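J.: One structure, pasted below without further comment.
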Amino acid sequence: MRGVQAARGAPLNAQEPARPRPVALLLGVAALVIAADVISKVLVVAKIPERTYVHLIGNVFMLTQVRNGGAAFNLGGTSNTVVFTLIAVGVIGYIVRAAGRMRSTGWAVALGLLLGGAAGNLIDRIFRAPGPFRGDVVDWIEVTRYWPVFNVADSCIVCGGILIVLLALRGIRPDGASTPGYRAGDSLPPDAPEPDIPKPDYPDSQSKTVPSP
């Protein structure tokens, strides 16, 4: 068998091509998000005055500059800026700690989006006015007048959260394993034993004689 496989170019000890490590993928996605968020905010601050609008598609898609002391999408008000800063630090710390156990590519992308988004807004909290850990976040994307103004970091946080929900619904864990059990509609693998389903104990109607009237 070894000779046949060697002749065909498929030895038994052949190894699969090395896959990119999920930790490196997580950090790479986070770095791209941070770079895109920081660069876009620098350009907006330099080119667009506060509370002015650049209408790209009428009133449907606009660019502006708004300073946000609350949470993502200008939620939570400005009185809890320090609280939101501490929450961002906690989220970043948790993701960095969980990265060592990361084996799933999907989870690496999702947590990379969350890490980059949280870090992007945290940079504003630390370095922008009115002071360290109380700074306002620069928001600059407005979609219609009915949706809060947001930025690249906010978008990545939302996309990462949606991806995490999808992975959880599919039963994929951060370590790459699948959640035990099968969901409704799933088929059993070919080598799985048939389930032992107890048969109902019906009365034997044939063994009983019906009395004549």
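J.: Fewest to most neighbouring Cβ within 10 Å: what's the order for Lys47, Lys41?
T.: Result, fewest neighbours first: Lys47, Lys41.
J.: Another one. Within the stretch 95-145, which chymotrypsin sites (Phe, Trp or Tyr not before Pro) sit in a loop by DSSP and count at most 15 neighbouring Cβ atoms inside 10 Å?
T.: Phe133
J.: Using a 10 Å cut-off around each Cβ, can you sort Thr85, Thr144 from fewest to most neighbouring Cβ atoms?
T.: Arranged by neighbour count, lowest to highest, Thr85, Thr144 become Thr144, Thr85.
Only the coordinates and a few stated rules stand behind these numbers; no lab work does. Computed from a prediction, not measured in an experiment: that's the story for all the values here. Please note: Cβ atoms are built from the backbone with ideal geometry, for glycine as well, and neighbour counts cover all protein chains shown.
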